[in-house]
Amino acid sequence: MGGLPKKAQHLISLRKKKNTVLALDSGALLFKDEKIPTDQTQQLTTTAQGIVTAYNRMSFAAVGVARQDLAAGLKYLLTLQQKSDFPWLSANLVRRNQSKPYFKPHTLLTINGMNLGVIGLTGNQGSDTLLTEKDNAVILPWEDVLPGQIDLLKGRTDMLILLSNLPAATNRIIAEKHPEIHLILQSGSVSGNLAPERINNTLLTQVEQQGKSVGILDVRWNTRSKQWEDHGSKNLLLEKKNELDRLGWLINRYRKQGDPKLVFKDQPETLTAYDSMLTQREKLDQEISRLMAEENARIASRAQLSSFNYRFEAMRKDLPDNPEVRAIVDATTNEVNRLGKMAAKARSAASLTNDQMFFPENYAGNSVCQSCHTPQSEKWSNTKHASAYTTLENKGQQFNTQCLPCHVTGAFEQPAGLVLNLAADLRQVGCEICHGPGKQHAAQPQDLRPGKPTKEICLRCHTGDHDDNFIFPEALARLRCGSL
Amino acid sequence: MYKSSLLLIALLASLALAITAGAVEKKASKTNQKTDLREITFFFSNDVRGETEPCG
C-alpha cells in the first residue's frame with residue numbers, strides 16, 4: 001500500500017476530470033519521528049528532498065508544518081522551503097520575543113472564482129527539544145495566533161481552511177469556538193480514515209498515515225451563506241421514527257390480548273409499563289412533528305446551504321504509477337541506497353578489522369540454528385521471511401537504513417550504521433528475530449531454551465502502516481515451527 | 001385601415017419585446033442564484049512521514 005507515484009497518478013487523473021481540484025497536505029510529510037538519528041541524517045534528508053520534488057510535480061497548493069517536519073532542524077526546513085513550489089504554512093512557529101512567523105502563516109488561493117484562505121498551525125505539544133536555542137524559535141499556543149488570522153482573512157475569503165497539526169481534541173475545540181473556519185484537515189497518528197465530521201459550522205477530517213489513502217472531498221459551496229447543510233436533524237428524525245415504530249409494535253402486542261386495562265388489571269407493574277409507553281409515544285409524536293417542521297424548513301432553504309461528498313481511496317498496489325513521479329522516487333531511493341552503501345564501506349574500512357562484519361551480541365546466526373533444527377529450517381526457507389533481505393536487494397534498497405531493520409535479524413536497538421555492515425548470516429528475517437538471540441541456547445541447548453514468538457515481536461514490523469492483513473493467530477499457525 | 005395595421009404591428013412588437021425582456025430577466029436572476037454556488041474538490045493527505053513508497 002502507499003507510494004507517491006500512485007498518489008500522483010490518482011491526482012492527475014482527477015484533475016483531468018475536473019478543473020477545480022485543490023491538493024492540500026496538513027503536514028508530517030517529511031519524517032516519521034520528531035528527531036532523526038544523526039547517522040541517518042543524509043539518507044533521511046535525501047528522501048525528504050525527493051518528497052518535496054514529487055509534491056512540486058503534483059502541484060500541491062499548500063502543506064502545513066507539523067512537528068515531524070522539523071526533525072532535521074528548523075534551518076533544514078527553511079532551506080527546503082526554498083526548493084518547494086508550494087508554501088509551508090505555520091502561523092504559530094515564530095521567532096522568540098518577536099512573534100514573527102518563520103513560515104507563511106496563511107496563503108490565499110483563488111479557484112473557480114472562489115477565494116480560499118488556508119492557515120497552518122504546528123502542534124505545540126510534546127518535547128521541548130524539538131527546537132534548539134540556536135533556532136530562536138517558539139511554537140505558540142493556537143489561541144495566541146488563530147483569532148488574529150481569522151480576523152485578517154474572513155472578510156477577504158469565501159472559505160477558510162485550517163491545516164492543523166494539533167491534537168484532534170484541540171481541533172474540536174477550535175471548531176466549536178470558531179465557526180468561521182469551514183474545514184480542518186488535521187495531521188497526527190490515527191488508525192484508519194476519519195470521515196468528515198461537522199462540528200458547529202466546521203468539517204473536520206483526516207486520512208490515515210503513511211500515504212495509504214488519500215481523501216477526496218467534493219464541495220458545493222454557497223459563498224453567500226457559507227453554511228454547511230445540517231444532516232443532524234434528518235438523522236435524528238429517522239431515529240425517532242424508528243423508535244416510534246418499535247413502540248407502536250410493543251403497544252400492539254399488549255392490545256392483541258384485549259383491552260390492557262382489563263387484561264392486566266391484576267398486574268399493576270405491567271399496566272404501569274403500558275401507560276408509560278403511551279406517554280412516551282405521545283412525546284415522540286410531538287418531537288417528530290417538530291423535527292419534520294425543521295426538516296421542511298431545511299429543504300426550503302437548501303439552496304442557501306453548502307453540501308459535500310467524500311471518499312477515501314486506498315492507494316492499492318494494482319493502481320498505476322505516474323511515470324514522472326516514479327522517476328523521482330526511483331532516483332531518490334537509488335541515492336538513499338548509494339549513501340547507505342558508502343556509509344557501510346566507510347565504516348567497514350574505519351572500524352572493523354579484516355572486513356569483519358557486524359554480529360550483534362548474543363546472536364548465533366541462522367546457519368547455527370539450522371545445524372540442529374533442520375526440518376524447521378526447511379519450513380522457514382519456504383516463507384517470505386527467508387527472502388526478506390533479498391526483496392530489498394531486488395529493489396536496490398539493501399542499504400536503506402529505514403528499511404533494513406524489518407528485513408534482517410538482530411537490527412532492532414542497534415545503531416543504523418552497524419546494521420549496514422550486518423553479517424551475511426543475519427540477513428533475512430531468521431529464527432532469532434522471533435525467538436530472540438540464540439547464542440547462549442546454542443552453547444547450552446538443554447538448559448537455556450529460546451523464547452516463543454509474541455504478538456509484540458511481530459508488531460515491530462507488521463504494523464498497520466505496512467501490513468493491513470496481519471492477524472497474529474493466523475500468522476502463528478502458518479509459520480509455526482512445530483515440535484523442536 | 002393603414003393606421004390600424006400600424007397600431008397592431010406596434011402592439012405586437014411591444015408584446016414581443018416585453019416577453020423577451022421578461023425571459024432575459026428571469027435567466028439573469030437564475031444565473032445570480034447560481035453564482036453563489038461554487039464547486040471545488042479537495043484532494044488531501046497527511047502523515048506521509050517520509051515514506052516515498054513501501055520498502056518491499
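The values are calculated or read from the model by the stated rules, or taken from the named source; none is laboratory data. In this text the structure is predicted, and so the values were computed from the model without any measurement. With ideal geometry, Cβ positions are generated from the backbone for all residues, glycine too; neighbour counts draw on all protein chains shown. SASA here: full protein model, heavy atoms, side chains in, ligands and nucleic acids out. Shrake-Rupley method; radii C 1.70, N 1.55, O 1.52, S 1.80 Å.
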| request: Can you work out the PRE-style zone for A:Gln82? Point 7 Å along Cα to Cβ, and I want the residues of the stretch A:22-46 with backbone N under 18 Å. | output: A:45-46
| Three semi-axes of the equivalent ellipsoid, the stretch A:205-348, Cα gyration tensor, whole Å, largest first | 62, 26, 12
| note | If each K or R counts +1 and each D or E counts -1, the residues other than A:Val219 whose Cβ falls under 12 Å of its Cβ total 0
| request: Compute the signed sum of charges (Lys and Arg +1, Asp and Glu -1) over the other residues within less than 13 Å, Cβ to Cβ, of A:Gln149. | output: -1
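If r is the Cβ-Cβ distance from A:Asp33 to A:Asn252 and R0 is 56 Å, what FRET efficiency results, to the nearest 0.05?
0.35
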| said: With angles folded into 0 to 90 degrees, how steeply does helix A:41-57 sit against the dominant principal axis of chain A? Use alpha carbons for both and round to 10. | reply: 50 degrees
| message | For the stretch A:242-379, what does the accessible surface come to per residue with a 1.4 Å probe? Please give it in Å². | response | 67 Å²
| query | On a 0 to 90 degree scale, rounded to 10, what angle separates helix A:142-154 from the longest Cα axis of chain A? | reply | 60 degrees
| field | Estimated 222 nm signal from helices in the protein assembly as shown, with DSSP H stretches of n ≥ 4 weighted -39500 (n - 2.57), rounded to 500 | value | -14000 deg cm²/dmol
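Between A:Phe472 and A:Leu262, what's the calculated FRET efficiency when r is the beta-carbon distance and R0 is 56 Å? Round to 0.05.
The calculated FRET efficiency here is 0.35.
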| Long-range amide H partners of A:Ile199 with built H, under 5 Å | A:Leu204
| remark: Looks like the stretch A:352-479, by Cα gyration tensor root eigenvalues a ≥ b ≥ c and the a/c under 1.5 rounded cutoff (else prolate when a/b is bigger than b/c, oblate otherwise), is oblate
| field | Alpha carbon convex hull of the protein assembly as shown, projected area averaged over orientations, nm² | value | 46.3 nm²
| Interface residues in the stretch A:47-91 - accessible area drops by 10 Å² or more relative to the isolated chain, probe 1.4 Å | A:Thr47, A:Ile51, A:Phe60, A:Gln68
| message | If I model a spin label as a point 7 Å beyond the Cα along the Cα-Cβ vector, how far apart are those points for A:Gln304 and A:Lys241 in nm? | response | 2.5 nm
| message | Based on the alpha carbons, how large is the Rg to Rh ratio for the stretch A:55-173 when Rh follows Kirkwood? | response | 0.96
| remark: For chain A, cysteines with no other Cys Cβ under 4.7 Å from their own Cβ are listed as A:Cys372, A:Cys434, A:Cys458, A:Cys481
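Note the buried accessible area between A and B here, summed over both chains, with a 1.4 Å probe, in Å² to the nearest 100.
What A and B bury together is about 4100 Å².
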| Whichever lysines have a C-alpha closer than 30 Å to that of A:Lys455, once near sequence neighbours (fewer than 8 apart) are set aside | A:Lys32, A:Lys35, A:Lys212, A:Lys317, A:Lys379, A:Lys384, A:Lys395, A:Lys439
| Which ³J(HN,Hα) values in Hz, rounded to whole numbers, follow from the phi angles of the stretch A:76-90 under the Karplus curve 6.51 cos²θ - 1.76 cosθ + 1.60, where θ = phi - 60° and Gly and Pro get x? | 4, 5, 5, 5, 5, 4, 5, 8, 9, 7, 10, x, 8, 10, 7
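So if each residue of separation counts as 0.36 nm, and I subtract the Cα-Cα distance between A:Ser276 and A:Lys100, what length gain in nm does that give? Kindly include the intermediate steps, with their values, before the conclusion.
On the way: separation 176, 0.36 × 176 = 63.36 nm, distance 6.39 nm.
Here the segment from A:Ser276 to A:Lys100 would lengthen by 57.0 nm.
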| query | Share of chain A's accessible area from carbon and sulfur, percent, 1.4 Å? | reply | 51 percent
| query | What are the residues of the stretch A:1-27 that lose 20 Å² or more of accessible area, with a 1.4 Å probe, going from their chain alone to all protein chains? | reply | A:Met1, A:Gly3, A:Leu4, A:Lys7, A:Leu11, A:Thr20, A:Leu22, A:Leu24, A:Asp25
| Considering only DSSP beta bridges with both partners in the protein assembly as shown, what is the antiparallel share in %, to the nearest 5? | 55 percent
| request: Specify whether the C-alpha gyration tensor of the stretch A:224-298 places it in the rounded, prolate or oblate class, a ≥ b ≥ c being the square roots of the eigenvalues: rounded for a/c under 1.5, otherwise prolate if a/b is larger than b/c and oblate if not. | output: prolate
| Quick one: net charge of A:His407's neighbours, Cβ under 13 Å, K/R +1, D/E -1? | +3
